[in-house]
């Protein structure tokens, strides 16, 4: 049950935001073995003063169109699966929205299964 937070600069269309969510979800299914119907996403827009991303860190030239994607998920996926996910998201956003691959920032946060409650005040995976 990944929980996805997608943060971007204010001013993108509803279609743009929906497509970003679709690309991330499709990439999770294709590369991270996430089951269908396991979609939990929070997409938030920010003003420039509240959305600070270094435009040159590690020699990667980012623009104001940068998107920050953070996925919290169960621990245990291999580095190869993670790399495939990063590539699938960057390629998908480039193909479908013409977003530069340099403007796709992804962070995975791994957690133990007992750290989830899907409702009812229960730890369903514990």
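A short reminder: the numbers here are calculations on the coordinates, not readings from a lab. No experiment lies behind these values; they were computed from the predicted model shown.
Sorted from largest to smallest, which semi-axis lengths in Å does the alpha carbon gyration tensor of the chain give for its equivalent ellipsoid, taking the root of 5 times each eigenvalue? The partial results should precede the final answer.
On the way: eigenvalues 132, 54, 42 Å².
Those come to 26, 16, 14 Å.
Helix-only estimate, please: 222 nm mean residue ellipticity of the chain, summing -39500 (n - 2.57) across DSSP H runs of length 4 or more and dividing by its residues, to the nearest 500.
-10000 deg cm²/dmol
DSSP beta bridges in the chain, what fraction antiparallel, as a percent rounded to 5?
Expressed as a percentage, antiparallel bridges in the chain total about 35.
With an 8 Å Cα cut-off and a minimum separation of 6 or more residues, compute the relative contact order for the chain in percent.
31
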